[in-house]
Structures are given as C-alpha cells and as structure tokens.
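Report on one structure; see the data block that follows.
The values are calculated or read from the model by the stated rules, or taken from the named source; none is laboratory data. Note that the structure is predicted; figures quoted are calculated from it, not measured. In this analysis, Cβ positions are derived from the backbone assuming ideal geometry, glycine residues included, and neighbour counts consider all displayed protein chains. Ligands, DNA and RNA are stripped out before the accessible areas are found, and what is left, the full protein with its side chains, is counted by its heavy atoms. Shrake-Rupley method; radii C 1.70, N 1.55, O 1.52, S 1.80 Å.
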Amino acid sequence: MNIFRCTILSLLIIVAFNSKGLAQAEVDSAYIDYVNSSWDEVQGTEKDDSIQTKYASEFYKYYLNNGETVAGEKAIQSALLMWGNTGNAAMMDEAITKFDPDSDVWSWVPNSLGNAYARDSSRTYQQAIDKFKSLKDKITNPDGKSAILTSLVRAYKRNPNTHKKALEYAQQLVNINESEWYVDFGLGAIYELESLGIGQAAPEFTATTYHGEEFNLTDHKGKYIILDFWATWCGPCMPEIPVIKSLRDTYPEEDLAIVSIALEEDSEKYDSFLTEKGMTWPQILQEKRWEDEIPTLYNVGGIPQKYIIGPEGNIVAKHLRGERLTAKMDTLINRK
C-alpha cells in the first residue's frame with residue numbers, strides 16, 4: 001500500500017510539473033508574440049519614439065517579474081533596443097544595475113548602451129566608454145564580457161593615443177575564447193592596430209569594378225584615394241553617399257580617386273541602387289561581405305568605414321564620416 005501511494009504521489013508530482021511547464025511555455029509564447037507585434041507597430045509608425053518608450057517601459061517591468069523565463073529575456077532584449085533607438089540612457093543606466101553579473105542579458109547591452117548615450121544630449125561619448133570600462137570588470141558572463149570588450153576595442157581603435165589599450169583589450173577578447181566570431185574580431189583588431197596604422201603602407205589590391213573595369217590601387221599613386229566600405233542594407237551608410245558625391249564633384253580625378261566597396265549579396269538590389277543614387281564613381285562588389293578579399297585585407301568589421309590613402313601609398317586617415325571626412329580632405333588636398 002505504501003509503495004502504491006508513493007507511486008501515485010510521484011505521478012501526480014510529475015503531472016503537476018509538466019502542467020506548470022506547459023503553462024509557462026504557453027505564457028512565454030503568447031508574450032513573445034506580443035513583443036513581436038510591438039515591433040510591427042513601431043515599424044509601421046516610422047519608429048515613433050513615444051511608442052518605443054511606452055513599450056520599453058512595459059517590457060522592462062515584465063522582465064523584472066519574469067526575468068528567468070524565455071519571454072522575460074525577449075522582453076528585456078526589446079526594451080534595450082528601444083532605449084538605444086530613443087536615446088534613453090537614464091533607463092539603460094537603471095536597468096543594468098538589475099542584471100546579475102553572470103546573466104546572458106549582458107550580451108545585448110553594449111550596442112544599445114552605445115546608441116542610447118550617442119542619442120542622449122545629456123551624455124557624452126567618453127561617458128559611454130567609461131561605462132563600458134566599469135562594466136568590463138563587473139561582468140562574469142563570458143559572452144557579455146566579450147561583447148563589452150568588443151565595444152571597447154572599437155572605441156579605442158579610433159584614437160591613435162589609445163591603440164595600446166585597444167591591443168590589450170583585443171588580446172583579452174582572444175584569451176576569453178567565447179566564440180569564433182569574437183576571436184576573429186580580436187585577431188582582426190590586432191592585425192589592424194599592428195599593420196593598418198596611420199603612416200603604414202596601405203595593402204595593395206587589384207579588383208574588377210562592377211562595370212567591368214580594372215581598379216588597381218598602385219595605379220593611383222600620386223593622388224589621394226578614399227576607400228569607402230558600405231552596403232545598401234546599412235542605415236548609417238546612407239548619409240555618407242551625398243558626402244562622397246560632393247567630394248567627387250569638388251575635386252578632380254588627378255587629385256582624388258574614390259572607390260566604393262559594397263559588402264553586398266543581392267546584386268540586383270545593388271545594381272538598381274547605384275542607378276537610383278547616381279553613384280557613378282568606381283564600384284566594387286564584395287559578395288562574400290565581411291569574408292571577401294578587400295574587407296578582410298582592411299579588417300572591415302563594421303560599416304560605414306573609410307580609409308584615406310596618401311599620394312605615397314600610406315594610410316593617412318581612417319574612421320572618418322560626414323563633415324569630419326570633408327574637412328580632412330579639404331585640408332589634405334589644399335595642402336598638397
């Protein structure tokens with residue numbers, strides 16, 4: 001009798017456990033559908049800030065009460081993205097105090113935090129870097145720590161005065177060995193910092209342009225060259241197109257060569273885009289995107305990216321956009 005009762009009790013516990021798991025799965029699925037539908041609404045209203053702010057607040061509250069569930073993780077991931085989109089650095093700062101150091105949530109923090117600080121007029125770029133530095137030693141989750149180190153490497157690569165620190169962080173990224181992507185990024189950063197610095201010789205290449213002409217870097221020695229890495233799917237690349245067009249119209253070919261290198265898989269979309277935007281200067285298509293020859297040669301891990309090569313074939317500037325690029329070219333060519 002006792003054995004029979006124990007067996008019945010065990011079965012009841014298993015059934016209850018499975019029912020609870022099934023109920024939670026149903027709740028997760030329903031809330032995930034709700035989160036996904038919120039993004040449809042956001043896209044349909046041209047990413048209205050007030051709508052994103054409303055949903056982000058709601059998702060954050062859901063996460064605080066359901067952080068260990070699949071839906072809770074989906075909710076906080078969306079909240080982080082929305083705070084980044086709307087420049088809500090204050091909520092980002094509050095939320096990250098709630099995350100456990102070993103939480104998987106940290107892998108989603110860096111990009112959103114960087115975007116939030118960039119869009120918040122009360123924050124500065126340096127404050128974002130300082131925040132990443134403070135988080136680097138706090139986070140124990142390997143993926144999250146690697147994501148933070150990646151952001152620090154990107155930030156410190158931009159300033160020649162901090163290249164030594166960038167190398168240190170890149171090596172840490174390699175040593176953590178969290179994933180192939182992070183290791184490749186770290187090794188690529190080390191290669192760039194050691195071989196693609198200002199004053200070093202630009203790696204030479206020969207490629208066939210999209211319109212069937214040969215482009216050889218060495219053929220353009222004696223003039224300045226802009227290598228413009230971009231893609232039609234890259235939102236931040238769009239404001240750069242009129243900048244490049246203006247430079248092409250301002251300076252003659254004997255002073256400045258421009259070649260745009262697209263990390264693009266969809267050649268039909270690419271072809272129509274070139275026509276629509278009137279991009280008539282040399283264009284090179286790299287259909288393997290990041291893994292193709294020229295992006296690999298110049299360690300392009302994010303776009304838009306630009307290298308400026310001087311008349312002697314050495315790198316004279318990189319990581320410049322918009323007005324900073326225009327001002328740099330004005331200085332270089334007018335001084336020539």
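Side notes on the structure shown:
- Test for ALA116: is it in a helix (DSSP H, G or I), under 15 Å from the mean Cα position of the chain (by Cα), at pLDDT below 95 and within 26 Å of VAL70 (Cα to Cα): yes
- Looking only at residues in region 176-196 that are over 25 Å from LEU285 (Cα atoms) and among the small types (Gly, Ala, Ser), the one that is most open to solvent (accessible area, probe 1.4 Å) is SER179.
- Taking the criterion of being within 24 Å of the chain's Cα centre (by Cα), over 21 Å from TRP39 (Cα atoms) and either of a type in the set (Phe, Trp, Tyr) or not in a helix (DSSP H, G or I) (or both), the residues of region 51-99 that qualify are ILE96, THR97, PHE99.
- Residue check, GLY222 touching a residue at least 60 places away in the same chain (Cβ under 8 Å) and either under 23 Å from the mean Cα position of the chain (by Cα) or not in a strand (DSSP E or B) (or both): yes
- For region 70-92, the count of residues that are more than 30 Å from ARG154 (Cα to Cα) and surrounded by 21 or more Cβ atoms within 10 Å (Cβ to Cβ) is nonzero.
- Residues that are farther than 23 Å from GLU180 by Cα, open to solvent by 20 Å² or more (accessible area, probe 1.4 Å) and among the hydroxyl-bearing types (Ser, Thr, Tyr), drawn from region 101-151: SER121, SER122, THR124, TYR125, SER134
- Any hit, region 245-259, residues being open to solvent by less than 70 Å² (accessible area, probe 1.4 Å) and within 26 Å of ASN115 (Cβ to Cβ): no
- The residues listed here are ASP219, ASP292; of these, the one that is out of contact with any helix residue (DSSP H, G or I) (no Cβ under 9 Å at 6 or more places or on another chain), open to solvent by 40 Å² or more (accessible area, probe 1.4 Å) and modelled with pLDDT under 95 is ASP219.
- Residue that is farther than 23 Å from HIS211 by Cβ and at pLDDT below 90, where the choices are LYS328, LYS336: LYS336
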